[in-house]
1. Hey, ASP96 hits all of (1) under 15 Å from the mean Cα position of the chain (by Cα); (2) surrounded by 14 or more Cβ atoms within 10 Å (Cβ to Cβ); (3) not small (Gly, Ala, Ser) but one; which does it fall short on?
2. When the residues of the stretch 106-133 are narrowed to those that are surrounded by fewer than 20 Cβ atoms within 10 Å (Cβ to Cβ) and either among the charged types (D, E, K, R) or in contact with a Pro (Cβ under 6 Å, 6 or more places away or on another chain) (or both), which ends up nearest to GLU9 (Cα to Cα)?
3. Here are ARG116, ARG85: which of them is more than 21 Å from PRO16 (Cα to Cα), within 14 Å of the chain's Cα centre (by Cα) and modelled with pLDDT of 95 or more?
4. Within 23 Å of PRO16 (Cα to Cα) and either at pLDDT below 85 or among the hydroxyl-bearing types (Ser, Thr, Tyr) (or both) - does that describe any residue in the stretch 92-109?
5. What are the residue pairs meeting all of these: first residue in the stretch 30-46, first residue of a type in the set (A, V, I, L, M), second residue surrounded by fewer than 19 Cβ atoms within 10 Å (Cβ to Cβ), Cβ atoms under 7 Å, and 6 or more apart or on different chains?
6. List the residue pairs whose Cβ atoms are under 9 Å apart, where the first residue sits in the stretch 126-155 and is within 12 Å of LYS47 (Cβ to Cβ) and at pLDDT 90 or above, the second is surrounded by fewer than 19 Cβ atoms within 10 Å (Cβ to Cβ) and among the basic types (Lys, Arg), and the two are 6 or more positions apart or on different chains.
7. Are any residues in the stretch 78-103 within 22 Å of PHE145 (Cα to Cα) and in contact (Cβ under 8 Å) with a residue 40 or more places away in the chain, and if so, which ones?
Amino acid sequence: MIPNLYKKEAIPNKIPKNLEKKIREFKTSNKKEFIKKSFDYLTSKYKTDRVHFITKLFDLYKTDLNSLWGIKGFIYCTQMNYLLRVMLVKSKLFQDSDIELMPSNTWHIIPHQYLRIKLNDKDCLNVDPWAFNLGIGYGDFAHGFHAGSIFPRKK
């Protein structure tokens, strides 16, 4: 079982100062705008690639927010989604109940997770920041053979 694929990590009361600063910097009353700014930041800060998916397996168990926020480079989908959840909830634009962990798989065999974010009573937005750098667009998610490239986007 992949850690945290189906379990929501608790949103901590205290978060790293530089994470608080980013949330304030992105703050807006427009929910979609805040999601997009946070998404763009996380997809530029962290790397995604298939090689590290295998070579960094022991990092899959990291769930400490301070540790995750300090990482430079590769993190897993569950970790990137956790960081995005923290940003959304701490912005006070969203409740944690507005954010649903969605299980998926890539190539029909590799477990994966993306987020479904409730914008209002009628609308939701699917986001998959981990898969973005592999070619899956904003508002879409990796699933089946719609799983992006083996090689990350060039920055």
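The values are calculated or read from the model by the stated rules, or taken from the named source; none is laboratory data. Predicted model only: the values in this text are computed from it and were never measured. Cβ sites come from the backbone with ideal geometry, for glycine too, and all protein chains shown count toward neighbours.
1. Result: ASP96 fails condition (2) only.
2. ARG116
3. Values: ARG85 fails: more than 21 Å from PRO16 (Cα to Cα).
Of the residues listed, the single one that is more than 21 Å from PRO16 (Cα to Cα), within 14 Å of the chain's Cα centre (by Cα) and modelled with pLDDT of 95 or more is ARG116.
4. Yes, because at least one residue in the stretch 92-109 is within 23 Å of PRO16 (Cα to Cα) and either at pLDDT below 85 or among the hydroxyl-bearing types (Ser, Thr, Tyr) (or both).
5. Going by the 7 Å Cβ cut-off, the qualifying pairs are ILE35/LEU125.
6. Close Cβ pairs satisfying both conditions: PHE132/ARG153.
7. Keep residues of the stretch 78-103 that are within 22 Å of PHE145 (Cα to Cα), which gives 78, 80-81, 101-103.
Matches in the stretch 78-103: THR78, MET80, ASN81, LEU101, PRO103.
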